[in-house]
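Enquirer: Dropping a structure here in structure tokens format, bear with me for questions.
The values are calculated or read from the model by the stated rules, or taken from the named source; none is laboratory data. These numbers were taken from a predicted model, which means no experiment stands behind them. Cβ placement follows ideal geometry from the backbone for every residue including glycine, while neighbour counts extend to all protein chains displayed.
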Amino acid sequence: MSMLVQTSIFLAAAVCAVPLFKRVGLGAVLGYVAAGIAIGPWALGLVGDVESILHFAEIGVVLLLFIIGLELQPRRLWVLRKSVFGLGAVQVGVTALVISLIAHATGLQWPAAIIIGLGLSLSSTAFALQVLAEKSQLTTRHGRSAFSILLFQDLVVVPVLAIVPLLSPSMTTTESGSLWLGIASALGVVIAVVVAGHFLVGRVFKFIASTGIREVFTAAALLLVIGTGLLLESAGLSMALGAFLAGVLLADSEYRHALEADIEPFKALLLGLFFIAVGMSLDLGLILKHPGLAVGLALALLLGKFVLIALLGLFTSKGLDASLKLGAVIAQGGEFAFVIFGVATGAGALGTQTAALLIVVVTLSMAFTPPLFALAEIIVQRRRKRVSVDTVEAPIQEGHKVIIAGFGRVGQIIGRILQAKRIGFTALDASPEHVDFVRKFGNKIYYGDASRLDLLDAAGAGGASVIVVALDEVEASLRTVQIVKNHFPHLRIYARARNRRHAYLLMDLGVSIFRRETFESSLELARLVLEGLGLPHAQANRLVETFKRHDIERLKIAHASHSDQERMIYLAKEAARELEEMFEQDRVQSRTADAA
């Protein structure tokens, strides 16, 4: 079968399965896996040579780690050192110990049990980071913790692969002595990459960028990622770790965003191919032969690691919600388990049938990850809804005249100004992680959904005079305004509008005092741009003020028609013509004044 035909099959499978799974809420990752199962050797059999495809598709994981590295400047990576070598080391150590003990209890010899424990303690970087990226949770508390653990796991693969042959019954003294040699070689390669990256890579990209040939710049970016990965792989390290290191070295470079933009399309396609290959590699024959054993072991692995990691999160003060999500997102087995079990089988330390069963278990655990994470999110959401006002934090009855609903970017600035003026306020926010974070900086804030009548009542809405609705979500903002209008009509509402559409909806509810969150800053930036183009300060100010007054007036005029798309298009064109005429009049008046 030609490469073009195979490519068409992969693309067709992805196009059919991924949107469907995304639509029903199962996520893109599971869609790719299902597509791989469908076209794999155990279903339709449209594509063979799964091992080669899986090996090639791992470049997607490599590119993913490179882009993550670009987002982490060296100083930020240094800040993560405690999480990486503390939390990561404890997770791998505890998980490997527990699984090894269970494996030994089932009758396996200690060498095989230790290999299984080490292999299954690792998680799938590709699956975990993709699930977090889909949910935009990479920068959350559990997202950062998951990344730290996964980074340590990538680091620990090297010594694990070095240890596996030593556990073989046929291990020799020479092999034992090569362990330290291998570690020293790997360390030397890392140092060489860091030095070369610091002194050479920036200059090379500067030279290539000066040619103005974009495709060569893209080729150089791919060469850097794959070349660094291969170099570290030759020293016994993982390609993914090499790519991550290359990304970190370029994180402070002026070419960072250009590199990210060029690599992103390749990363997305190859990562999808990796997940398809995982689905293709699933041995359905073994599952059909021993369905209870395969599925039972996969669920046991998934739930066991979930409990262990969640408890670890709680022990390290991550909070219950973050710990549940952390446990769910990295509970699966990882792609490095395939490599470890393969090496162990070749060295005679692990039986062939046992390795085949373990690979099926790891693959199934990957496939079960998106549903498990979705379940964890549901549990967290329901738990938050059950939090009663009495358990939020001692009575909120402080008699403050101001309530701030939503203590994010906008709410915090308002709160700081009020605090500086010594005006008391009660702040409410629905994110437990956000509440914990803001409290560390000395702000008084309480957990709760401001659109709940009982919480507003407990917050003293009956005796307050002002409520600032600064919620990020449009629906939550509108619900809160409606509750206030219905039950606390005496409160003056000052609202944050995310955009023009949100402003119209607030006006529908009778809110007259609101500000669009980016409007004022955009006007100020436009004024600076005009001055930068040579316009006098007074004229730039006048033009911006003219635009501001005109836009606010047009907002009021268009409010009555905001649900009529054709009418809105007409009004927008009419407003643009009016504004051009007003600016032209200003230009003529300015010339006349200059001539006089």
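Enquirer: Check off (1) part of a helix (DSSP H, G or I); (2) modelled with pLDDT of 85 or more for Leu571 and give me the number that stays unchecked.
Expert: Every listed condition holds for Leu571 apart from (2).
Enquirer: Does Ile213 satisfy being at pLDDT 75 or above, assigned by TED's automatic domain parsing to the domain that holds Val33 and of a type in the set (A, V, I, L, M)? It would help to see each step written out before you state the result.
Expert: On the way: at pLDDT 75 or above: yes; assigned by TED's automatic domain parsing to the domain that holds Val33: yes; of a type in the set (A, V, I, L, M): yes.
Yes: the conditions hold for Ile213.
Enquirer: For the range 71-91, which positions are at pLDDT 75 or above and under 18 Å from the mean Cα position of the chain (by Cα)?
Expert: Hits for the range 71-91 are Ser83, Val84.
Enquirer: On to the next question. Gly415 passes all but one of (1) in contact with a Gly (Cβ under 9 Å, 6 or more places away or on another chain); (2) modelled with pLDDT of 80 or more; (3) not in a loop (DSSP other than H, G, I, E, B); which number fails?
Expert: Unmet condition: (1).
Enquirer: Next question, about the same structure. In the set Leu543, Leu523, which member is within 37 Å of the chain's Cα centre (by Cα) and surrounded by 12 or more Cβ atoms within 10 Å (Cβ to Cβ)?
Expert: Answer to the selection: Leu523.
Enquirer: Same structure, new question: Which one of these does Ser465 not meet: (1) touching a residue at least 24 places away in the same chain (Cβ under 8 Å); (2) buried (at least 17 other Cβ atoms within 10 Å of the Cβ); (3) among the small types (Gly, Ala, Ser)?
Expert: Tallying (1) touching a residue at least 24 places away in the same chain (Cβ under 8 Å); (2) buried (at least 17 other Cβ atoms within 10 Å of the Cβ); (3) among the small types (Gly, Ala, Ser), Ser465 fails exactly one: (2).
Enquirer: Out of everything in the range 330-349 that is hydrophobic (A, V, I, L, M, F, W, C) and modelled with pLDDT of 85 or more, what residue ends up being farthest from Val295 (Cα to Cα)?
Expert: The residue in question is Ile330.
Enquirer: Scan the range 308-316 and give yes if some residue there is buried (at least 19 other Cβ atoms within 10 Å of the Cβ), more than 18 Å from Val362 (Cα to Cα) and at pLDDT 90 or above, otherwise no.
Expert: Yes, some residue in the range 308-316 is buried (at least 19 other Cβ atoms within 10 Å of the Cβ), more than 18 Å from Val362 (Cα to Cα) and at pLDDT 90 or above.
Enquirer: From Ala57, Ala96, which residue is under 19 Å from Ser124 (Cα atoms), part of a helix (DSSP H, G or I), modelled with pLDDT under 75 and aliphatic (A, V, I, L, M)?
Expert: Ala57
Enquirer: Condition check: part of a helix (DSSP H, G or I), of a type in the set (Val, Ile, Thr) and modelled with pLDDT of 90 or more. Does Ile115 satisfy that? Spell out how you get there, then give the answer.
Expert: On the way: part of a helix (DSSP H, G or I): yes; of a type in the set (Val, Ile, Thr): yes; modelled with pLDDT of 90 or more: yes.
Yes: the conditions hold for Ile115.
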